[in-house]
Structure formats: structure tokens, C-alpha cells
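The values are calculated or read from the model by the stated rules, or taken from the named source; none is laboratory data. As the structure is a computational prediction, the values presented were derived from the model and not from experiment. Don't worry about glycine lacking a Cβ; one is built from the backbone with ideal geometry, like all the others, and counts go over all protein chains shown.
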Amino acid sequence: MENSERTLIEKYEGQDTELRALWLQHQDYEKMIVKLESKPFLSPVVEQEIKELKKKKLAGKTKLQALLDKYRQQEA
């Protein structure tokens, strides 16, 4: 996430529960991915789990970007 996006999230997360939930979920997925990827050996099951987490993270980020675009338009 860019700093401008983080600034928008911080500005609006108090009033938009969906934005806050998506942001927290995004951070949780990132932490899980980093934790799994830090293992010295990745089994096929763990590799699949990482792929699934990355897909979920991307889907959430897409929704998050749509909300941020809406707020950017409001501020313009």
C-alpha cells in the first residue's frame, strides 16, 4: 500500500466499517503469508495455502481499492 492510500484508510476507517474490516483482513493475510513463507521448507500443502491466502488478499485489496477510489473522488 502506498502512503496516500494508508492516509485515506486512516482518515475514513473510523466511519466506514467495511473499509476497516478489509484493511484489517489485508494485514492479517500479509502476516500469515510472511509467516508461512519464512519456513525453511514449504510442503506442497503449505505452498497451496500460501497461494490461497494470496488470492484472498488480492480479492480483498480489489474491494479496498474500490472504496478508496470512491473516497478519492469525494475529496476531488
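What to note about this one:
- Taken over the stretch 8-53, the residue count meeting the criterion of being within 17 Å of Leu67 (Cβ to Cβ), in contact with a helix residue (DSSP H, G or I) (Cβ under 6 Å, 6 or more places away or on another chain) and of a type outside the set (Phe, Trp, Tyr) is 7.
- Taking each residue of the stretch 25-44 that is within 11 Å of Lys56 (Cβ to Cβ) and looking for partners that are surrounded by 14 or more Cβ atoms within 10 Å (Cβ to Cβ) and among the small types (Gly, Ala, Ser) with beta-carbon atoms closer than 9 Å, six or more apart or interchain, yields Gln25/Gly60; His26/Gly60; Tyr29/Gly60.
- Annotation: Glu5 fulfils all but one of (1) under 12 Å from Leu67 (Cα atoms); (2) among the acidic types (Asp, Glu); (3) free of Cβ contacts under 8 Å to residues at least 40 places away in the same chain; the unmet one is (3).
- The sole residue among Leu53, Leu42, Leu64 that is surrounded by 13 or more Cβ atoms within 10 Å (Cβ to Cβ), assigned to a loop (DSSP other than H, G, I, E, B) and not acidic (Asp, Glu) is Leu42.
- Condition met for Gln73 (at pLDDT below 95 and either surrounded by 14 or more Cβ atoms within 10 Å (Cβ to Cβ) or of a type outside the set (Asp, Glu) (or both)): yes
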